[in-house]
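Each remark here refers to the structure printed beneath this line.
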Amino acid sequence: MADNDILARIALCTERGKINNAAPYPPDLKGEDGVDELTEKALNDGVDPNDILTQGFMEGMGRVGKKFSKNEVFVPDLLMAAKAMTAGMIRLKPHFESGAAKHKGTFVIGTVRGDLHDIGKNLVRMMVEGGGWQVIDLGVDTSPEKFVEAVKEHPGCAVGLSALLTTTMVNMEETVKAIKAVSPSTPVIVGGAPLTQEFCDKIGADAYSADPQGALDYLADYTAA
Amino acid sequence: MDFEEIGAWLEKGADTAATEEDTVEGPTLRERFLKTMAFETDTPIPNFEFGYWDKTLEVWREQGMPAHVVDEASAYAYFGIENWAVLSCNPNPMPVCKHEILRETEDRIIYRDHYGCVAEINRYGDRSIPHYLEYPIKDRASWEAFREKAMDPAHPDRWVGFEDCVARLQHTTQPIGVHAGSLMGVPRNLIGFEQIATMPYEDPELLTDIINSFGECIVAVLEKALPRIQVDLAMGWEDICFNSGPILPPDYIREVVGPWYARISALLRQHGCLTYTTDTDGNIWPIVDIFLDNGLDTMFPVEVHAGTDPVDLREKYGKDIKIWGGVCKMRIAEDKAAIDREMERLRPCVEEGGFIPTMDHRVPANITYANYLYYLDRKRDLFNIGGMPQY
C-alpha cells in the first residue's frame, strides 16, 4: 500500500471509528484492519509519524467533527472515532517522546471551580487530542490557581474552560482574569451548555465555542496566525 | 434531573393532599389541563413550572422574597404555581443496596446510592447533579446480577402507598399523572455516559437486553395501575439530549426504544390517557420524529438555548405536537424588554393550544427575583394562565 493510500485508510478508519481488526464496528469494515494495525504498518513501512498524525488521525477526526457540528453524526460517533484515534496514538507515543512526531501545541482544559460535570469537557478533550494537540486535563472543579499553575508549567499553551450551569459559569470570569494576569497572551476558550458569545466577551475570554469542532477550529486559526 | 428528582416526582404521589384545592374559580385544574392539551383554548392554561435549582430560592430571599418561602412547595404556593397529582407506583429499578456516605472531604461528599453508583457532590454551592465515579453495570455479568435484584416487575415495593393514593385521588381536581419510567436515562446513570453511548456499536445485544428489561417493568406497572384510576398524563424521564443531540444514535433509538414508546403509548390511550411526554432536555430535533411516530406526543422541557425552539417545532409539526416548557431561561435572566420579547414570540403558539408554557428547565439563580415575578405576571396577563399568587 502506498503512503497516501495507507494514510487515507487511517483517516477513513478514524472517521468511521474502526479501532482494530477484531472490532465489530462498523459492520461494513468487519474483519478488516483498523487504526491500530494500520498505524503499526505505516510506521513499519517508514511513513513519517507527523504524516500519520496530520493526514491520518487529524483528517479523520476533522471529518467527524465537522459532521458532528452539523448534526449529521452524534456523540456515539464522535466517541468511536476518538477510541479509534487513541488506539493509533498509543502506537505514535514513542515517536512523540523521541521528538520524531510533534504536537500542534499544548491545550490545558478543565471544568471550572464549583462544577463537577465533565461530559462536555471530555468531548472537547478528545477532539483537540485528535487535532494533534497535547492535552493536559485538569479534571473537574478546577480552581483558578490550578489553571494558573498549569499555564506557568506549559508556556505557550492554550486553555479551555468548561461549565454546565449558570451558577458555575460565573466562576469562569475569575479564572480568565487569573490566567490573563500571569499570561495575557494565553488564549482562553470557553464552552458549555448555558454559555453565549456575549458572556464570553463580557468575561474577557478569547473565544466561545458551541461544540468541540469550534474549539479545534479556533486553535487551528490561532496557530496559523 | 437525576435520581433524586425522579424520587421527588414519585413522592408527589404521597403528598398530593396539600395541593389538591383548585386555585381559580370555574373549571377545575384537571379540566383546564385536559382542555389545554386538547387544543381547546377557552379556559385558563395550567400555571405549571419546572422547579428551581438549589441555590435559587436562597438568592431570592436575599433579594426580597419572604423568608417563609424555603422550598419548592412553599414557593409554588407563594407564586401561585399549580401542580398535578402523581400515582404512587414505581416503574424504575428497585434499590439494590443501602444509600451510604463513603467518605467526606473538605469540599466533597462521596457516597454510594441505592443502585450501587458511587458519586460525589459538592459540600457547598451547587449540588444539583452528582459527578459519577463508578457504575454498577459494567458488563453482562454485573447487569444480570443487577437485574436479579432490581428489575422484578412484580416487586411489592413498587406499590408502596398505591391503594391509599388511588382512594385519595378519586375525586381530585388536579390532573393525575403516572411516571412512565426511563428507557435510556436511568440505564445511562447505571452504565456511564461514555460507555452507554458506544454500546449500540460495540455491544448492542447487551444494551438492547437492558432496555427491554426496563420496558417490561414499565409496561407491567402501567398495566396494573391504569385500570384503577383515570390517568391524565404520563411523564417519563430520559435526560438524554445535549446541545448536540441525543447520546444514543437515532437509528438505534428508533429500532430499539421506539417500539417501547409505541407499546406504552398504546396502553395509555387504551386507558384514556392522551398526554405522553418524557423529560429529554437538550436538542431533540434528531429524535422528534421517533417520539411522534411512536405516540409520545408532548415535548418537555423544550430547551430553547440548546436548539429546541417551540415556535419551530409548531411550525414543522402543527397540532401533531404538544409542548410543555419552551420559555427560554436565558431571556428571562436578561431584562423586562427581553422577557416581553420572549413572551410575545411564543404567544401565537400558546394561543393555538396544546402548549403549557413553563421555563425550559429549573429556574437558575442568575434569574433575579424581580425578573421571575415579572415573567410570572406577564405569563398570566398574556397567556390566560391560571393560579392565584400570594404576592
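The values are calculated or read from the model by the stated rules, or taken from the named source; none is laboratory data. Bear in mind that the values here come from a model prediction, so they are computed numbers and not experimental data. Counting neighbours? That spans all protein chains shown, and the Cβs are built from the backbone with ideal geometry, glycine included.
Is it the case that A:D118 is among the acidic types (D, E), closer than 24 Å to A:G139 by Cβ and within 12 Å of chain B (Cβ to nearest Cβ)? Break it down into steps so the answer makes sense when it comes.
Values: among the acidic types (D, E): yes; closer than 24 Å to A:G139 by Cβ: yes; within 12 Å of chain B (Cβ to nearest Cβ): yes.
Against the criterion (among the acidic types (D, E), closer than 24 Å to A:G139 by Cβ and within 12 Å of chain B (Cβ to nearest Cβ)), A:D118 qualifies.
Identify, from the list B:D232, B:D209, B:D279, the residue that is crowded, with 18+ Cβ neighbours inside 10 Å, away from every other protein chain (no Cβ under 14 Å), at pLDDT 95 or above and out of contact with any Lys or Arg (no Cβ under 7 Å at 6 or more places or on another chain).
Only one candidate qualifies: B:D279.
Here's the yes/no breakdown for (1) modelled with pLDDT under 95; (2) of a type in the set (F, W, Y):
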{"position": "B:A17", "(1), (2)": "yes, no"}
{"position": "B:G26", "(1), (2)": "yes, no"}
{"position": "B:R32", "(1), (2)": "no, no"}
{"position": "B:F39", "(1), (2)": "no, yes"}
{"position": "B:F48", "(1), (2)": "no, yes"}
{"position": "B:D54", "(1), (2)": "yes, no"}
{"position": "B:E58", "(1), (2)": "yes, no"}
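Among the numbered criteria (1) touching a Ser or Thr at 6+ places or on another chain (Cβ under 6 Å); (2) without any contact (Cβ under 8 Å) to a residue 24 or more places away in the chain, which single criterion is violated by A:F74?
(1)
Can you find, within segment A:160-189, the residue that is surrounded by the fewest Cβ atoms within 10 Å (Cβ to Cβ) among those that are more than 14 Å from chain B (Cβ to nearest Cβ) and under 17 Å from A:I119 (Cα atoms)? Working first, answer last.
To start, the set of residues in segment A:160-189 that are more than 14 Å from chain B (Cβ to nearest Cβ) comprises A:160-161, A:175-189.
Narrowing the set further to residues that are under 17 Å from A:I119 (Cα atoms) leaves A:160-161, A:189.
Numbers: A:G160: 28, A:L161: 31, A:I189: 25.
The qualifying residue surrounded by the fewest Cβ atoms within 10 Å (Cβ to Cβ) is A:I189.
Tally up the residues in segment A:195-225 that are buried (at least 20 other Cβ atoms within 10 Å of the Cβ), within 11 Å of A:G120 (Cβ to Cβ) and within 12 Å of another protein chain (Cβ to nearest Cβ), please.
Residues in segment A:195-225 being buried (at least 20 other Cβ atoms within 10 Å of the Cβ), within 11 Å of A:G120 (Cβ to Cβ) and within 12 Å of another protein chain (Cβ to nearest Cβ): 4 in total.
Have a look at B:G181, B:G185 and point out the one that is under 30 Å from A:N171 (Cβ atoms), buried (at least 17 other Cβ atoms within 10 Å of the Cβ) and within 22 Å of the chain's Cα centre (by Cα). Steps first, please.
Values: B:G181 fails: under 30 Å from A:N171 (Cβ atoms).
It is B:G185.
Show me the helices (runs of 4 or more DSSP H) entirely contained within segment B:312-391 in which 2 or more residues are modelled with pLDDT of 95 or more, farther than 21 Å from B:G64 by Cβ and among the basic types (K, R).
Working: elements: B:329-332, B:336-351, B:369-383.
Here the list reads B:336-351.
For the condition assigned to a loop (DSSP other than H, G, I, E, B), touching a helix residue (DSSP H, G or I) at 6+ places or on another chain (Cβ under 6 Å), away from chain A (no Cβ under 13 Å) and over 30 Å from A:G191 (Cα atoms), what is the one hit in B:G258, B:G272, B:G295?
Unique residue meeting the criteria: B:G295.
Looking only at segment B:68-101, count every residue that is polar (S, T, N, Q), surrounded by 19 or more Cβ atoms within 10 Å (Cβ to Cβ) and touching a His at 6+ places or on another chain (Cβ under 8 Å) and tell me the total. Spell out the reasoning first.
At the first step, the residues of segment B:68-101 found to be polar (S, T, N, Q) are B:74, B:83, B:88, B:90, B:92.
Narrowing the set further to residues that are surrounded by 19 or more Cβ atoms within 10 Å (Cβ to Cβ) leaves B:83, B:88, B:90, B:92.
Restricting the remaining residues to those that are touching a His at 6+ places or on another chain (Cβ under 8 Å) gives B:90, B:92.
Of the residues in segment B:68-101, 2 are polar (S, T, N, Q), surrounded by 19 or more Cβ atoms within 10 Å (Cβ to Cβ) and touching a His at 6+ places or on another chain (Cβ under 8 Å).
Please count how many residues of segment B:362-386 are among the hydroxyl-bearing types (S, T, Y), farther than 15 Å from B:G326 by Cβ and touching a helix residue (DSSP H, G or I) at 6+ places or on another chain (Cβ under 6 Å). Outline the logic, then answer.
Here is the first cut: in segment B:362-386, the ones among the hydroxyl-bearing types (S, T, Y) are B:368-369, B:372, B:374-375.
Keeping just the survivors that are farther than 15 Å from B:G326 by Cβ gives B:368-369, B:372, B:374.
From the residues that got through so far, the ones that are touching a helix residue (DSSP H, G or I) at 6+ places or on another chain (Cβ under 6 Å) too are B:369, B:374.
Selection size over segment B:362-386: 2.
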